[in-house]
1. Among Gly164, Gly128, which is the only one that is within 16 Å of the chain's Cα centre (by Cα), surrounded by fewer than 16 Cβ atoms within 10 Å (Cβ to Cβ) and not in a strand (DSSP E or B)?
2. In the stretch 171-198, how many are out of contact with any strand residue (DSSP E or B) (no Cβ under 6 Å at 6 or more places or on another chain) and either touching a residue at least 60 places away in the same chain (Cβ under 8 Å) or at negative phi (or both)?
3. Would you check if Val89 is in contact with a helix residue (DSSP H, G or I) (Cβ under 7 Å, 6 or more places away or on another chain), within 26 Å of Gly193 (Cα to Cα) and open to solvent by less than 20 Å² (accessible area, probe 1.4 Å)?
4. More than 25 Å from Lys14 (Cα to Cα) and either among the charged types (D, E, K, R) or in a helix (DSSP H, G or I) (or both): does that describe Thr181?
5. Working only within the stretch 184-193, note down all residues that are under 17 Å from Ala70 (Cβ atoms) and in a helix (DSSP H, G or I).
6. Is it the case, given these coordinates, that Ala175 is part of a helix (DSSP H, G or I) and open to solvent by less than 40 Å² (accessible area, probe 1.4 Å)?
7. Would you mind stating whether Pro150 is at pLDDT below 95, open to solvent by 20 Å² or more (accessible area, probe 1.4 Å) and part of a loop (DSSP other than H, G, I, E, B)?
8. Only one of Arg23, Arg58, Arg47, Arg11 is open to solvent by 20 Å² or more (accessible area, probe 1.4 Å) and either touching a strand residue (DSSP E or B) at 6+ places or on another chain (Cβ under 7 Å) or of a type in the set (S, T, N, Q) (or both). Can you tell me which?
Amino acid sequence: MKLLVIGATGRTGKHVLTQGVERGHEITAFARRPELLTGHTGLADVRRGDAHDLDAVREAVQGQDAVLAAVGGSRIASTLITAMRESGVRRVVMTSSRSVPATRPRLAVTLAWLFLRAAYVDLARAEGMLQASLLDWSIARGTMLNDKPPAGRVHIDFEADATGGAMQLSRADFAMALLDTVENPALIGQALGICGPK
């Protein structure tokens, strides 16, 4: 598919670019600093822009089949929703945090919210905006990310307090799960908890 990747220069975004090209997608990278993408081959296009800039996003979205936002937040969600509605592009996957809906383990969740409350409130707002957007959305709630080698598999659940996965997840595996999600129409309208495998 023709896939626009927002946040392409981030630590997860770079994995999405590499893996997306390997899967045969026509990848357009969207980034504030595209010069950081030197060494990434096989991209269909590279667009310089800020994800908060409606005009830049509107131009980049044109002609795409789907958008994968490897960064989250309400301002990005607002810009994407407007640009995608105008252009007729419907499929979008946005990252969020596993901690946003979680209530247990109680201590870990309490500490996470204590230190990152503003970020989680903003991610929750972004999730709500996507869910009300009438787009073909999926929300990918990652757990704690690291840069360890990929396991090649992840644990996915659809319940806020589901258990079974590891608390840490490699960014390469998260990128794999993001691409799996954008490719799978059965996951439209779903919020996935994505954890490391045990």
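1. Working: Gly164 fails: within 16 Å of the chain's Cα centre (by Cα).
Step by step, each of Gly164, Gly128 is checked, and only Gly128 is within 16 Å of the chain's Cα centre (by Cα), surrounded by fewer than 16 Cβ atoms within 10 Å (Cβ to Cβ) and not in a strand (DSSP E or B).
2. 10
3. Yes: the conditions hold for Val89.
4. Details: more than 25 Å from Lys14 (Cα to Cα): no; either among the charged types (D, E, K, R) or in a helix (DSSP H, G or I) (or both): yes.
Against the criterion (more than 25 Å from Lys14 (Cα to Cα) and either among the charged types (D, E, K, R) or in a helix (DSSP H, G or I) (or both)), Thr181 does not qualify.
5. Within the stretch 184-193, Leu187 is the sole residue that qualifies.
6. Yes: the conditions hold for Ala175.
7. Judged against the criteria, Pro150 is not a match.
8. Result of the check over Arg23, Arg58, Arg47, Arg11: Arg47.
The values are calculated or read from the model by the stated rules, or taken from the named source; none is laboratory data. No experiment lies behind these values; they were computed from the predicted model shown. Neighbour counts are summed over all protein chains in view; Cβ atoms, including those assigned to glycine, are modelled from backbone coordinates with ideal geometry. Areas reflect the complete protein model, heavy atoms only, side chains present, ligands, DNA and RNA absent. Shrake-Rupley method; radii C 1.70, N 1.55, O 1.52, S 1.80 Å.
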